[in-house]
Amino acid sequence: MIRHKLLATAILSATVALGACSTSGATRNAAKLDVTAAPSMADCAATSPELQVYNTPSRAVKYVVVLRDLNQPDSERGRGEAAVTPAGLIPAGTLKDFQGPCASQGSGSYRYDVQAVATGGEVLGTGSYNVTL
């Protein structure tokens with residue numbers, strides 16, 4: 001009986017220790033951000049739209065944003081960073097080298113990926129906003 005209790009205690013201790021090691025990843029427990037875009041996103045715009053972010057963790061100091069063309073998974077159609085504000089706004093024009101979604105080039109699917117990042121670079125939250133033409 002004592003042997004079974006010692007074995008059970010050892011297994012429990014090992015499980016807790018392994019669990020503590022596995023939760024140290026930067027995005028494993030990241031918060032879910034809700035992201036929306038300004039309603040007037042012009043077709044083939046040269047300037048990225050204003051984005052609104054909700055549920056930003058309090059330790060976040062900046063947003064990192066990437067626009068991806070989902071038909072070309074490795075593509076980036078713009079990338080930028082913006083300071084976190086109490087209102088959760090990412091200003092229009094934040095993304096550099098922006099190539100906005102274009103209905104005139106045919107149908108497509110695009111996604112704005114947003115990360116909320118702490119001072120040390122830890123990703124505290126992630127979210128996205130999809131655009132389909």
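No lab work stands behind these numbers, since they all come straight from the coordinates. Everything numeric in this text was worked out from a predicted model, so none of it was measured. Counting neighbours? That spans all protein chains shown, and the Cβs are built from the backbone with ideal geometry, glycine included.
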Phi-based couplings in Hz for the stretch 77-85 (Karplus 6.51, -1.76, 1.60; Gly and Pro marked x): 9, x, 8, x, 10, 9, 5, 5, 10
Other-chain or far-sequence residues with amide H under 5 Å of Ala31's (modelled H): Gly125, Thr126
Percentage relative contact order, the stretch 26-132, counting C-alpha pairs under 8 Å, at least six apart: 36
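Relative to the present Cα-Cα distance, how much length would full extension add between Ser107 and Thr119 at 0.36 nm per residue of separation?
Numbers: separation 12, 0.36 × 12 = 4.32 nm, distance 3.87 nm.
Residue separation times 0.36 nm, minus the Cα-Cα distance, leaves 0.4 nm.
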Ser128 paired with Ala92, simple spin-label distance in nm, labels 7 Å along Cα-to-beta-carbon: 2.6
